[in-house]
1. What's the number of the condition residue 80 fails, among (1) in contact (Cβ under 8 Å) with a residue 60 or more places away in the chain; (2) within 16 Å of the ligand (Cβ to nearest atom); (3) under 18 Å from the mean Cα position of the chain (by Cα)?
2. Quick check: anything in the range 67-84 within 23 Å of residue 37 (Cα to Cα), in the same structural domain as residue 34 (by TED's automatic domain parsing) and assigned to a loop (DSSP other than H, G, I, E, B)?
3. Inspect all residues belonging to the range 145-160 and state whether any of them is surrounded by fewer than 17 Cβ atoms within 10 Å (Cβ to Cβ) and within 16 Å of the ligand (Cβ to nearest atom).
4. Every residue in the range 14-42 that is more than 16 Å from the ligand (Cβ to nearest atom) and in contact with a strand residue (DSSP E or B) (Cβ under 9 Å, 6 or more places away or on another chain), please.
5. How many of the residues making up the range 61-90 are modelled with pLDDT under 95 and buried (at least 19 other Cβ atoms within 10 Å of the Cβ)?
6. With respect to the numbered conditions (1) more than 18 Å from residue 22 (Cα to Cα); (2) free of Cβ contacts under 8 Å to residues at least 12 places away in the same chain; (3) buried (at least 16 other Cβ atoms within 10 Å of the Cβ), which one is the sole condition not fulfilled by residue 37?
7. What residue, of 203, 188, is more than 16 Å from the ligand (Cβ to nearest atom) and either assigned by TED's automatic domain parsing to the domain that holds residue 133 or at pLDDT 95 or above (or both)?
8. Taking the range 102-120, which residues are in contact with a helix residue (DSSP H, G or I) (Cβ under 8 Å, 6 or more places away or on another chain) and either closer than 22 Å to residue 179 by Cα or buried (at least 17 other Cβ atoms within 10 Å of the Cβ) (or both)?
Ligand SMILES: [Zn+2]
């Protein structure tokens, strides 16, 4: 009996996954595609509260990943990209009411040059009492379009301004627009962040790479319960891992740790198809020229998913 309950416990912990969500603007109807109304935010916070979810600081999740600890299924991390004033005026009061921690990723130039709609340095210093402030670049550029030198400069100048005005070094980074590839990731990682966050819908399992954590965006009326049902698929992407200038994608090859015989491939603009798997391996012909600026490829086995965002790289291989 004892061994049976231990087995059950192991199954539960092995398959448990945390979820990281991203918000942008709060109670700001001018920008519906990045806004969360306060009514919706309250609904989501009540859902976490009434369904046994624990909203934890990002740091706690990253420490558990680094220590190879099991990741409880009920962990939720809330992040906010871009230091919009609407968080300060509309969002923060609700975070304080529920006592929920948050990590805000700061686009440094927007505050430093006092762009309208963004928080001031003094306001950022004030909100640092309630949550963590992290790095989201200097100028919010499309990083895959930039040379190595230009990306490096954005980090160097942005990090120096961040530290000068806030008095500490940020520990975490999120990609502007969620756009990256192996070249951009390598440069970002060279700055020593403890964790790097993307914008790929998914979940975080004990095997997740702290330098490539998936986050799902909560904007408008989002279907929070379905987001929470997704699990992380333990997948190694062999190809494609990036998009060259010509947009051509030939094969898809991804290894997973699953035993399943069937899986799904979804390509934005091209739809979903089911594929047969051998030893949990996805091997499929794509043979498409991707003309959109950004294309999402998601593979799934049941409710376990792994996503790759392909963005054209104008500088790959150019020295
Ligand atoms: Zn952003």
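1. (1)
2. Looking for residues that are within 23 Å of residue 37 (Cα to Cα), in the same structural domain as residue 34 (by TED's automatic domain parsing) and assigned to a loop (DSSP other than H, G, I, E, B), one finds at least one in the range 67-84, hence yes.
3. There is at least one residue in the range 145-160 that is surrounded by fewer than 17 Cβ atoms within 10 Å (Cβ to Cβ) and within 16 Å of the ligand (Cβ to nearest atom).
4. The answer is 15, 16, 17, 18, 19, 27, 29, 37, 38, 41.
5. 1
6. (1)
7. Of the residues listed, the single one that is more than 16 Å from the ligand (Cβ to nearest atom) and either assigned by TED's automatic domain parsing to the domain that holds residue 133 or at pLDDT 95 or above (or both) is 203.
8. 102, 103, 104, 106, 107, 108, 109, 111, 112, 118, 119
The values are calculated or read from the model by the stated rules, or taken from the named source; none is laboratory data. Remember, predicted model here, so these are calculated numbers, not experimental data. Neighbour counts run over all protein chains shown; Cβ positions are idealised from the backbone, glycine included.
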